[in-house]
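One structure below.
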Amino acid sequence: MDKRITILEAKNSLLNPIMFELRDENVQQDRLRFRTNMEKVGEILAYEMSQYFPYQTQNVKTVLGELEMRLFAREPVLVSILRAGMPLHNGFLRMLDRADNGFISAYRRHTKGNEFIIKIEYSAIPEIEDREVILIDPMIATGRSIVLAAKEIFNLGQPRQLYLAGAVASEDGLSYVSRNLPMAKIFVAAVDQELTAKSYIVPGLGDAGDLAFGPK
């Protein structure tokens, strides 16, 4: 496996029962529970990712003395792909509550048959120059959406490090992303092998945006 890619489901942890519920078609009927579980995945991904951030030391005073501790050298920037990315984004934000936040609207527009193009119609992104940027997309299927979103970020500046975060990725999607974004470190909860003819992940979990917020 590429050392730039971290797959959390490859080891036993409390992530497993959360991912079970995210995938379960019966549990998915409860939108609040689906959003909450996706937020939990974001929290776990944020913790795992934080081990790779740059740190610096700072003294803290307690009522009994002083202690040197290691804190982030800089707060990261969270950028989410709308709308499906919002619950996962909220999980990251709960753990990285001082982060600046950006949003990109990227979606599939089907042309004919199973073919589609990725459209980006909106972006609101803070200053990202020389900062750690976390780009969040819950489903990395073909990888085309997250690569185009990353290029939108690069149009605004050069991050010190780009991180990509997803709940479920396909093997093809990860391969595409790693080829087109060689500078990125990728963190995903799970990886599935197959894509349907319409480029949906199998077994996956379905349309994350629809499951969180209702049909489009």
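When Leu205, Leu181 are screened for being aliphatic (A, V, I, L, M), surrounded by 15 or more Cβ atoms within 10 Å (Cβ to Cβ) and either within 16 Å of Arg144 (Cα to Cα) or more than 16 Å from the chain's Cα centre (by Cα) (or both), only Leu181 passes. In segment 132-146, is there at least one residue being in contact (Cβ under 8 Å) with a residue 12 or more places away in the chain, at negative phi, acidic (Asp, Glu) and open to solvent by 40 Å² or more (accessible area, probe 1.4 Å)? Within segment 132-146 (the criterion being in contact (Cβ under 8 Å) with a residue 12 or more places away in the chain, at negative phi, acidic (Asp, Glu) and open to solvent by 40 Å² or more (accessible area, probe 1.4 Å)), the answer is no, since none of the residues qualifies. Kindly evaluate Gly157 against the criterion of being touching a strand residue (DSSP E or B) at 6+ places or on another chain (Cβ under 8 Å) and either in a loop (DSSP other than H, G, I, E, B) or farther than 19 Å from Val41 by Cα (or both). No, not satisfied. When Lys216, Lys198, Lys151 are screened for being under 24 Å from Leu32 (Cβ atoms) and open to solvent by 20 Å² or more (accessible area, probe 1.4 Å), only Lys216 passes.
The values are calculated or read from the model by the stated rules, or taken from the named source; none is laboratory data. This is a predicted model, so every value here is computed, not measured. Glycine also receives a Cβ, built like all others from the backbone with ideal geometry; neighbour counts cover every protein chain displayed. Side chains are part of the model used for accessible areas, which takes the heavy atoms of the whole protein and leaves out ligands, DNA and RNA. Shrake-Rupley method; radii C 1.70, N 1.55, O 1.52, S 1.80 Å.
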